[in-house]
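The values are calculated or read from the model by the stated rules, or taken from the named source; none is laboratory data. Only a predicted model underlies this, so the values are computations on that prediction, with no experimental measurement involved. Cβ sites come from the backbone with ideal geometry, for glycine too, and all protein chains shown count toward neighbours. Each accessible area value is taken on the protein alone, full model and side chains, heavy atoms only, with ligands, DNA and RNA left out. Shrake-Rupley method; radii C 1.70, N 1.55, O 1.52, S 1.80 Å.
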Amino acid sequence: MSTTPPLFAEGEFRKATRSQPDQSCVRVARRDGWVELRDDKTVFGAPDDHRLVFTAEEFDAFLAGAREGRTEGLCLEITRRDADGMHVFRRRGWAAVELVFTEAELLAFQDGITNHEFDAIAYAA
């Protein structure tokens, strides 16, 4: 695995099956030992198209933990803001990039995790 994440093309990002077809959602890309998350409410490649970047190993540990109901200490932190009920995604220990999602977007992402839609094997096809 390279120590530099690849540049992902827009078509490499996918969303959970449960996501609404014409609505915004969490998008996940994975290739060459790397995973990126983005928010498709932003235009792909725009200056505000921020990404959370993980190694595949880190993200796979997150997926396994999330399926077991534990996410404490894993690479992706998801917190709920009390003020507006939005969910903030951050890389653990690094607050420079935050992605913000609605409850429906979070639930669709969680459903995709449960159904193994973001596992490496799902991207191999």
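So, residue 52, is that one more than 15 Å from residue 122 (Cα to Cα), modelled with pLDDT of 95 or more, crowded, with 17+ Cβ neighbours inside 10 Å and in contact with a Cys (Cβ under 9 Å, 6 or more places away or on another chain) or not? Criteria met by residue 52. Closer than 15 Å to residue 113 by Cβ and surrounded by fewer than 13 Cβ atoms within 10 Å (Cβ to Cβ) - does that describe any residue in segment 85-95? No, there is no match, as no residue in segment 85-95 is closer than 15 Å to residue 113 by Cβ and surrounded by fewer than 13 Cβ atoms within 10 Å (Cβ to Cβ). In segment 43-64, the residues that are without any contact (Cβ under 8 Å) to a residue 12 or more places away in the chain never reach a residue that is assigned to a helix (DSSP H, G or I) and open to solvent by 30 Å² or more (accessible area, probe 1.4 Å) with C-beta atoms less than 8 angstrom apart, at least six apart or across chains.
Conditions tested, residue by residue: (1) under 20 Å from residue 120 (Cβ atoms); (2) within 14 Å of the chain's Cα centre (by Cα); (3) of a type in the set (Ser, Thr, Tyr).
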position	(1), (2), (3)
16	yes, yes, no
24	no, yes, yes
28	yes, yes, no
34	yes, yes, no
72	no, no, no
82	no, no, no
99	no, yes, no
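For residue 117, the conditions (1) touching a Ser or Thr at 6+ places or on another chain (Cβ under 8 Å); (2) of a type outside the set (Phe, Trp, Tyr); (3) modelled with pLDDT of 95 or more; (4) open to solvent by less than 20 Å² (accessible area, probe 1.4 Å) all hold with the exception of (4).
Restricting attention to segment 13-22, and to residues there that are without any contact (Cβ under 8 Å) to a residue 60 or more places away in the chain and either outside any loop (DSSP other than H, G, I, E, B) or open to solvent by 20 Å² or more (accessible area, probe 1.4 Å) (or both), which single residue is farthest from residue 56 (Cα to Cα)? Across segment 13-22, the extreme among qualifying residues is 22. Taken together, 73, 69, 45, 85 contain a single residue that is touching a helix residue (DSSP H, G or I) at 6+ places or on another chain (Cβ under 7 Å) and in a loop (DSSP other than H, G, I, E, B), which is 85. Close Cβ contacts (under 6 Å, 6 or more residues apart or on different chains) running from residues in segment 104-125 that are within 17 Å of residue 29 (Cβ to Cβ) to residues that are β-branched (Val, Ile, Thr) and part of a helix (DSSP H, G or I) are absent.
The residues in segment 65-83 that are on the phi > 0 side of the Ramachandran plot and in contact with a Lys or Arg (Cβ under 8 Å, 6 or more places away or on another chain) can be counted, and the count is 1.
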